[in-house]
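These notes concern the structure reproduced below.
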Amino acid sequence: MSHKVVTAESFESAIHALWEQPWSDGLPAIPATPAAIDAMVSTGIRGPDEMIGTVSGRDLSVQVWQAAACAVMAGCKPAYFPVVLATWEALFDERVNVHSALTSTGGAAIAAIVSGPYAESIGMNAGRGALGPGNRANATIGRAIRLGAAAMLKANAQELDASAFGHGGKYSFHFAERVPPKPWLSVREQLGFHSDTTTVTVLPAGAPRQIVHRWNPSPDELMHTLATAMKDPSKNTTGRASAYMIVLGPEHADVLASGGLMPSDISRRLSELSKVTKADVSAAGIEVDRASRHFSPMGSDGRMLTAAPEHVLVTTAGGHGAGWSVVIPSFTGLNDCHPSTRAVHLPGIPESARTAHPDLDFG
């Protein structure tokens, strides 16, 4: 490997030295020894010095060994590293525009849903508290990406990250997909992958908006509740042709599935219900005519598109409760940043090709 080895007087002093780096996330990091990096790399399918991707015009890049070092520092088990690699590969999709995603004043975090059997095998949480603390795999995989972005791509507050505020997802925003109700397809299958494949779908995202409808909703009532969260004019994505992850909790998923709706039906309906008029936006104190280029073109019905059906990803996660779901918006419009998906590749297992052309445009 081409990495530089630095010695420290003690394990504790090494931790404090990492704390003092501009790319520290403020939490203790585990010093990445050569042996630990080697163990991490060995669980993936790429050599340590391979380049995962480069930020155009910035002379910034991420090599496999660097991603592995950050995974060690974040607290990942070696078995998590294939998911870390797939996340990086998705982020370097040109349409993601990773530089903007990591450095904009909008303060985006990298939301990532992991769909497939490998997520379960490494213990990722898809149930109760999936977006919160307490699960090592969820927390450290997401943290590995954040540490790498800050260290290798200089997306930290002292250098290129211009976030006005940021949000908690910047520490970690990875979670697993809960098995959807039958006959719904999983995220990976909606995106054209075989059910045996595991995928990572990333979205540079604003903070998750938790919504509630616990009063025995009909499918149509629940759709209006979800759409209301999508079209809140105070968000940077409303009326702007953006992308959304709609993460349905068990009760809400059952309401919609029992009503005979498939994820594609939900995407289409939410796309229609989340359109906004000038008056909707004006009621929030925002005059469309002052920033017309920011918004979608006005349709023949006098409404602006918030998200096309192919840009509304319907998935399932979370635990049982009174009736909760989460709406995760992109931090901006698709002209600036786009979601992306990559398969998780494991040593000794042939790469899986997509089985079908997906209806969703999530990379």
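Reported count of residues in the range 128-137, each being crowded, with 18+ Cβ neighbours inside 10 Å and either in contact with a helix residue (DSSP H, G or I) (Cβ under 7 Å, 6 or more places away or on another chain) or touching a residue at least 40 places away in the same chain (Cβ under 8 Å) (or both), is 3. Give the range 268-287 a look and list any residue that's surrounded by fewer than 20 Cβ atoms within 10 Å (Cβ to Cβ) and part of a helix (DSSP H, G or I), or say none. Within the range 268-287, Arg268, Glu272, Leu273, Lys278, Ala279, Asp280, Ser282 meet the criteria.
Among the candidates Pro34, Pro22, Pro48, the residue that is crowded, with 18+ Cβ neighbours inside 10 Å, assigned by TED's automatic domain parsing to the domain that holds Lys170 and out of contact with any strand residue (DSSP E or B) (no Cβ under 7 Å at 6 or more places or on another chain) is uniquely Pro48. The set of residues from the range 339-363 being assigned to a loop (DSSP other than H, G, I, E, B) and charged (D, E, K, R) comprises Glu351, Arg354, Asp359, Asp361.
Results for (1) in contact with a strand residue (DSSP E or B) (Cβ under 9 Å, 6 or more places away or on another chain); (2) at negative phi; (3) assigned by TED's automatic domain parsing to the domain that holds Thr316, shown as yes or no for each residue.
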residue: Asn156; (1), (2), (3): no, yes, no
residue: Phe165; (1), (2), (3): no, yes, no
residue: Phe173; (1), (2), (3): yes, yes, no
residue: Val179; (1), (2), (3): yes, yes, no
residue: Arg188; (1), (2), (3): yes, yes, no
residue: Glu221; (1), (2), (3): no, yes, yes
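I need the full set of residues from the range 89-117 which are of a type in the set (A, V, I, L, M, F, W, C) and buried (at least 24 other Cβ atoms within 10 Å of the Cβ), in order please. Result: Ala90, Leu91, Val98, Ala101, Leu102, Ala108, Ala109, Ile110, Ala111, Ala112, Ile113, Val114. Do we find that Arg303 is farther than 27 Å from Leu131 by Cα, modelled with pLDDT of 95 or more and not assigned by TED's automatic domain parsing to the domain that holds Ala101 in this structure? Here the answer is yes, as Arg303 does meet what is asked.
For (1) under 23 Å from Gly166 (Cα atoms); (2) part of a strand (DSSP E or B); (3) hydroxyl-bearing (Ser, Thr, Tyr), each residue gets a yes or a no:
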| position | (1), (2), (3) |
| --- | --- |
| Ala32 | no, no, no |
| Ala36 | no, no, no |
| Thr43 | no, no, yes |
| Thr54 | no, yes, yes |
| Arg58 | yes, no, no |
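The number of residues in the range 60-72 that are part of a strand (DSSP E or B) and β-branched (Val, Ile, Thr) comes to 1. Restricting attention to the range 3-19, the residues that are more than 15 Å from Ala151 (Cα to Cα) and surrounded by fewer than 15 Cβ atoms within 10 Å (Cβ to Cβ) total 10. Looking only at the range 105-154, count how many residues are over 20 Å from Val327 (Cα atoms), part of a loop (DSSP other than H, G, I, E, B) and touching an Asp or Glu at 6+ places or on another chain (Cβ under 7 Å). So the answer is 0. Is it fair to say Asp265 is among the charged types (D, E, K, R), surrounded by fewer than 17 Cβ atoms within 10 Å (Cβ to Cβ) and closer than 12 Å to Ser325 by Cβ? It is false that Asp265 is among the charged types (D, E, K, R), surrounded by fewer than 17 Cβ atoms within 10 Å (Cβ to Cβ) and closer than 12 Å to Ser325 by Cβ. Determine, yes or no, whether Lys235 is crowded, with 18+ Cβ neighbours inside 10 Å and touching a Lys or Arg at 6+ places or on another chain (Cβ under 6 Å). So Lys235 fails the test.
Residue under question is Glu287, and the condition is that it be free of Cβ contacts under 8 Å to residues at least 12 places away in the same chain, over 25 Å from Pro204 (Cα atoms), touching a His at 6+ places or on another chain (Cβ under 7 Å) and not β-branched (Val, Ile, Thr); does it hold? No; evaluated as a whole, the condition is false for this residue.
The values are calculated or read from the model by the stated rules, or taken from the named source; none is laboratory data. Computed from a predicted model, the values in this text were never measured in an experiment. All Cβ positions, glycine included, derive from the backbone under ideal geometry; neighbour counts span all protein chains shown.
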